[in-house]
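The values are calculated or read from the model by the stated rules, or taken from the named source; none is laboratory data. Source: prediction; values computed, not measured. Cβ placement follows ideal geometry from the backbone for every residue including glycine, while neighbour counts extend to all protein chains displayed.
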Amino acid sequence: MRTFRAHPVIVFRDQHLSKERQYEFTLTFGEIEGLHVNRLVDAVKYTPVHTVSNIGSDGKPSAPTRERGNYYWHSDKSYHDVPSLLTMLHGVEIPSRGGETQFANTAMAYAALDEATKQRISGLRAVHSWERSRIQARGLLATEEQKRERPPVDHPIARTHPDTGAKVLYLGNHASHVLGWPEEEGRALLRWLEAFATQPAFVYSHRWRPGDLVLWDNRCTIHRALPHEDMDKERRVLHRTVVKGTVPY
Ligand code: OGA
Ligand code: MN
């Protein structure tokens, strides 16, 4: 836990963990998140350790459909009123080329903003919305049930990290617009801040090996998956757990 406070992304190599062991390790960080809103439909098959993959219902690899949102910068579950603390991914099957996960450090990004921008965003809140996120990811749209289950929430754009006290940018693809602003204007500000935060200087790209266990702090990073070559031929399978965090302030 101490290491985790000091390092927003941690990589352990050569961890050949069962789902049960990953579940137990995840529990040492806090409460495990329940069902993803996307998976309300297949609740029966759900286990707290779920699989992120490019394998379709026919058992064959394909370009992403349901996980499309992962290809846009985001912080996991920022559309919840109590969003996630950390996510843990365990690499099981890794494509030979591509398929990296990228992480941007939004504490470094905030610190690098000019004073006028810090002033401008101070006190502003972003509306985070699952419905809007699906539109922005150009994937499957949110169902009526999902919209009911996950109404929009709002969080500070400049968030305080509860452990380090540092100000961080809290945004990404689930962020829709700025509370109380015309939507397009807010969207433009959020996209500008996201582009600023994801400059190469603030980004680590993780090149996966089977057995990698990667965990990251969703409070001070945003992340995305990069597509891999031959997505319709090569399998990419990771096991995922998410720990619940606290209300952002
Ligand atoms: C996730 C996620 C990225 C990846 O599991 O939350 O965004 O590289 N995954 O699969
Ligand atoms: Mn994610």
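Summed over the stretch 186-233, residues that are closer than 28 Å to residue 30 by Cβ, away from ligand 2 (no atom under 16 Å from the Cβ) and among the basic types (Lys, Arg) total 1.
Of the numbered criteria (1) away from ligand 2 (no atom under 16 Å from the Cβ); (2) surrounded by fewer than 18 Cβ atoms within 10 Å (Cβ to Cβ); (3) closer than 30 Å to residue 22 by Cα, the one residue 94 fails is (2).
Just one of the listed residues (216, 208) is in a strand (DSSP E or B), of a type in the set (Phe, Trp, Tyr) and either within 11 Å of ligand 1 (Cβ to nearest atom) or under 17 Å from the mean Cα position of the chain (by Cα) (or both), namely 216. Among the residues of the stretch 1-26, just one is closer than 12 Å to residue 214 by Cβ and free of Cβ contacts under 8 Å to residues at least 12 places away in the same chain, namely 7. If the condition is being out of contact with any Leu (no Cβ under 8 Å at 6 or more places or on another chain) and of a type in the set (Phe, Trp, Tyr), then the stretch 213-249 contributes only 249. Looking at 21, 68, just one residue is at pLDDT 90 or above, out of contact with any Asp or Glu (no Cβ under 8 Å at 6 or more places or on another chain) and part of a helix (DSSP H, G or I), and that residue is 21. Taken as a whole, the condition of being in a loop (DSSP other than H, G, I, E, B) and closer than 24 Å to residue 30 by Cα does not apply to residue 96. Whenever a residue of the stretch 220-249 is exposed (fewer than 14 other Cβ atoms within 10 Å of the Cβ), its partners that are part of a loop (DSSP other than H, G, I, E, B) and hydrophobic (A, V, I, L, M, F, W, C), lying with C-beta atoms within less than 8 angstrom and at least six residues away or across chains, give the pairs 232/63; 246/82; 247/82. If the condition is being among the charged types (D, E, K, R), within 13 Å of ligand 2 (Cβ to nearest atom) and surrounded by fewer than 22 Cβ atoms within 10 Å (Cβ to Cβ), then the stretch 67-91 contributes 67, 68. Apart from one condition, residue 100 fits all of (1) more than 9 Å from ligand 1 (Cβ to nearest atom); (2) more than 19 Å from residue 133 (Cα to Cα); (3) modelled with pLDDT of 95 or more; the exception is (1).
For (1) without any contact (Cβ under 8 Å) to a residue 24 or more places away in the chain; (2) over 21 Å from residue 205 (Cβ atoms); (3) of a type in the set (Val, Ile, Thr), each residue gets a yes or a no:
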{"site": "97", "(1), (2), (3)": "no, no, no"}
{"site": "102", "(1), (2), (3)": "no, no, no"}
{"site": "116", "(1), (2), (3)": "yes, yes, no"}
{"site": "133", "(1), (2), (3)": "no, yes, no"}
{"site": "146", "(1), (2), (3)": "no, yes, no"}
{"site": "154", "(1), (2), (3)": "no, yes, no"}
{"site": "171", "(1), (2), (3)": "no, no, no"}
